[in-house]
1. Would you mention how many residues in segment 53-73 are surrounded by fewer than 16 Cβ atoms within 10 Å (Cβ to Cβ) and either of a type in the set (G, A, S) or closer than 20 Å to T11 by Cβ (or both)?
2. When residues of segment 1-52 are filtered for being out of contact with any helix residue (DSSP H, G or I) (no Cβ under 6 Å at 6 or more places or on another chain), of a type in the set (S, T, Y), within 25 Å of E84 (Cβ to Cβ) and touching a residue at least 12 places away in the same chain (Cβ under 8 Å), how many remain?
3. Need pairs with beta-carbon distance below 6 Å; first residue within 17 Å of M1 (Cβ to Cβ) and within segment 53-69, second assigned to a loop (DSSP other than H, G, I, E, B); sequence gap 6+ or separate chains.
4. Is it true that some residue in segment 14-23 is closer than 18 Å to K64 by Cα and either surrounded by 14 or more Cβ atoms within 10 Å (Cβ to Cβ) or touching a Pro at 6+ places or on another chain (Cβ under 6 Å) (or both)?
Amino acid sequence: MRTVAAGQFGTGWGWLIFDNDASSLCVTSTGDADNPLTAAQVPLLTIDVWEHAYYLDYQNEREKHLEAVIAHLLNWEFAAENFENRAVKRRATA
């Protein structure tokens, strides 16, 4: 997730998503205010890579911001619950 978020040019987001079309987990990024919901994808986690999210703490060092967010702020249990809930819904409708 860090690599994809770091590679987002300019403003945007890094995402861990469940892709409904591919029926799989994916890591992706979006620019500006775009989000995965518009592409039949379910967001599980996100990282803000807009400069305002990290500039005061890390200046131009986006990588340090991403390391800190991934190590200390992402709620992997929440993402796992959402993933499981999505999987249960897919099995129920299949």
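Values quoted throughout were computed directly from the atomic coordinates according to the rules given, and no laboratory measurement underlies them. Computed from a predicted structure; not experimentally measured. Cβ coordinates were reconstructed from backbone atoms using ideal geometry, including for glycine residues, and neighbour counts include every protein chain displayed.
1. To start, the set of residues in segment 53-73 that are surrounded by fewer than 16 Cβ atoms within 10 Å (Cβ to Cβ) comprises 55-57, 59-61, 63-64, 67-68, 71-73.
Remaining after also requiring either of a type in the set (G, A, S) or closer than 20 Å to T11 by Cβ (or both): 55-57, 59-61, 63-64, 67-68, 71, 73.
Residues that pass the stated criteria total 12.
2. 4
3. Cβ pairs passing all conditions: H65/Y54.
4. So in segment 14-23, the residues closer than 18 Å to K64 by Cα come out as 14-15.
If we keep only those that are either surrounded by 14 or more Cβ atoms within 10 Å (Cβ to Cβ) or touching a Pro at 6+ places or on another chain (Cβ under 6 Å) (or both) as well, we get 14-15.
So far as segment 14-23 goes, yes, one or more of its residues are closer than 18 Å to K64 by Cα and either surrounded by 14 or more Cβ atoms within 10 Å (Cβ to Cβ) or touching a Pro at 6+ places or on another chain (Cβ under 6 Å) (or both).
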